[in-house]
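So the structure is just underneath, and the comments pick up after that.
The values are calculated or read from the model by the stated rules, or taken from the named source; none is laboratory data. Note that the structure is a prediction, hence the values are computed from the model and not measured. Neighbour counts are summed over all protein chains in view; Cβ atoms, including those assigned to glycine, are modelled from backbone coordinates with ideal geometry.
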Amino acid sequence: MSVTKGLEGIVAATSSISSIIDGVLTYRGYDIDNLADNASYEEVAYLLWYGKLPNATELANLHQQLSDYAPIPEFVLELLRLTPKDANSMAALRTAVSGLALADSEANDMNEEANIRKAIRLQAQLPTIIAAFARIREGKEPVAPKKNVSVAHNFLYMLTGKEPEAIAIEALDKALVLHADHELNASTFAARVTVATLSDIYSGVTSAIGALKGPLHGGANEAVMAMLEDIGSEDNVDSYIKNQLDNKKKIMGFGHRVYKNGDPRAKHLQRMSKELGKITGNMKWYNMSIQIEEIVTGSKGLKPNVDFYSASVYTSLEIPRDLFTPIFAISRLSGWTAHILEQFTDNRLIRPRAEYVGPTNQHYVAIEKRS
Ligand code: ACO
């Protein structure tokens, strides 16, 4: 038996949802650059779930369903009120999604139509949960979702209780498009492993949220902002980053298991970060990010990944730092659930082996004789 640490390079499934070939990311065969420049997040979610871009009627139907499903059950709202105010926001989200399953009479219905309905419901309800948690912990009342607006628009509205600026909606919508799917990343793999036991879609998404939370995966966007705040000003960038690298510390938001010549999503976020910096009149985070990129790429050859510039983008949108990873979850929800649906169409239990390296020939010793 030979072991490949971290399963690097192992092909563990076939999939027709997204591909990364020669550094090019596609969703269902559409280049991410093409989608980022043209598609709305709802069109992308439809594409991931159904394998084709929606026509006008199909898109209108999806908008209607997302609108209808957006309110969360009273039970989940109560759960959020009972959640400690200082709870980790991804832990709160993970718990609330588990709670959604308890409040859904279709939770264990494995029929394909029921599963698609649940995927759309989850897509509609994740933003409501996150915005409600963010408000409740500040002692504010949750804001009821708005009818007939996009996922990005509704999230910003529910978070602040105010009508968001068009540029903010546009920027968040694009960020959601860019994060929606990414082949067999850690959280998607976790979702597929969970449902491959024929467990339900809520269990799959709960596993995925747990995997996304970690700083080596989705949690990196928060870690990037924590680093930028820690550095504090453009003058400190050089010494801070060099010191980190000299001490063999990882710079969050750089490097990738699959992309070695750069993450195609990063340039879109970099552009947005610059534009939003100009609009808000605060170029500090963008300028610091550019400086960091020059040093890290120059000295280590490592390029920024999707998480690096998303940190300054979300900060320009005045989104609290610990909501960055939950926003990633709002977007990746469409990818996770598309993969769960795909897993069910040709399922086999995912059960690899481990090479045993522990002690052998042990013999039981009675407890009173153990030292
Ligand atoms: N900063 C400094 N050095 C790095 C970084 C980094 N961000 N990333 C990789 N390296 C170095 C490692 O120290 C290692 O060097 P060595 O061979 O001298 O020991 C080498 O590059 C290989 O790194 P690994 O961690 O083995 O690469 P792996 O493929 O396992 O990990 C990962 C990829 C987790 C993304 C890694 O690059 C990393 O930790 N980056 C920072 C966290 C991050 O930004 N995660 C988000 C990824 S994108 C996403 O999930 C949405």
Exercise. Hey, can you tell me all the residues within the range 331-371 that are polar (S, T, N, Q) and surrounded by 10 or more Cβ atoms within 10 Å (Cβ to Cβ)?
Key: Ser331, Ser334, Thr337, Gln343, Asn347
Quiz prompt | Output for the range 124-152, where each listed residue is among the charged types (D, E, K, R) and either at pLDDT below 95 or more than 18 Å from Pro326 (Cα to Cα) (or both) | solution = Lys140, Glu141, Lys146, Lys147
Quiz item: What's the number of the condition Gly214 fails, among (1) surrounded by fewer than 22 Cβ atoms within 10 Å (Cβ to Cβ); (2) more than 16 Å from the ligand (Cβ to nearest atom); (3) not hydroxyl-bearing (Ser, Thr, Tyr)?
Solution: (2)
Quiz item: For the range 61-94, what are the residues that are farther than 15 Å from Ile136 by Cβ, part of a loop (DSSP other than H, G, I, E, B) and hydrophobic (A, V, I, L, M, F, W, C)?
Solution: Ala70
Practice problem: Report whether or not Glu222 is more than 10 Å from the ligand (Cβ to nearest atom) and within 12 Å of the chain's Cα centre (by Cα). | Solution: yes
Self-check item: Leading residue by the ranking (modelled with the lowest pLDDT) among those in the range 220-251 that are polar (S, T, N, Q) and either surrounded by 18 or more Cβ atoms within 10 Å (Cβ to Cβ) or touching a His at 6+ places or on another chain (Cβ under 7 Å) (or both)
Solution: Asn221
Quiz item: Looking only at residues in the range 290-308 that are outside any helix (DSSP H, G or I) and more than 7 Å from the ligand (Cβ to nearest atom), which one is nearest to Lys267 (Cα to Cα)?
Solution: Pro304
Quiz item: Do the conditions hold for Val3, that is, is it assigned to a helix (DSSP H, G or I) and either under 30 Å from His256 (Cβ atoms) or of a type in the set (D, E, K, R) (or both)?
Solution: no
Quiz item: When the range 318-371 is examined, which residues are found to be assigned to a loop (DSSP other than H, G, I, E, B), farther than 29 Å from Met225 by Cβ, under 34 Å from the mean Cα position of the chain (by Cα) and of a type outside the set (Gly, Ala, Ser)?
Solution: Asp346, Asn347, Arg348, Leu349, Ile350, Arg351, Pro352, Arg353, Glu355, Tyr356
Quiz item: What pairs can you find where one residue is in the range 352-371 and under 25 Å from Gly6 (Cα atoms), the other is part of a loop (DSSP other than H, G, I, E, B) and not hydrophobic (A, V, I, L, M, F, W, C), and their Cβ atoms are less than 9 Å apart, with a gap of 6+ or different chains?
Solution: Glu355/Ser2
Quiz item: Hey, any hits in the range 202-215 for a residue that's farther than 26 Å from Arg257 by Cβ and in contact with a Ser or Thr (Cβ under 8 Å, 6 or more places away or on another chain)?
Solution: yes
Quiz item: In this structure, is Lys278 surrounded by fewer than 22 Cβ atoms within 10 Å (Cβ to Cβ), on the phi < 0 side of the Ramachandran plot, part of a helix (DSSP H, G or I) and away from the ligand (no atom under 16 Å from the Cβ)?
Solution: yes
Self-check item: Residues that are over 11 Å from Lys303 (Cα atoms) and free of Cβ contacts under 8 Å to residues at least 60 places away in the same chain, drawn from the range 263-274
Solution: Gln270, Arg271, Ser273, Lys274
Quiz item: Can you name the residue in the range 240-259 that is in a loop (DSSP other than H, G, I, E, B) and without any contact (Cβ under 8 Å) to a residue 12 or more places away in the chain and is also farthest from the ligand (Cβ to nearest atom) among such residues?
Solution: Asn247
Quiz item: Regarding Glu58, is this residue in contact with a helix residue (DSSP H, G or I) (Cβ under 7 Å, 6 or more places away or on another chain), under 25 Å from Tyr157 (Cβ atoms) and either acidic (Asp, Glu) or assigned to a loop (DSSP other than H, G, I, E, B) (or both)?
Solution: yes
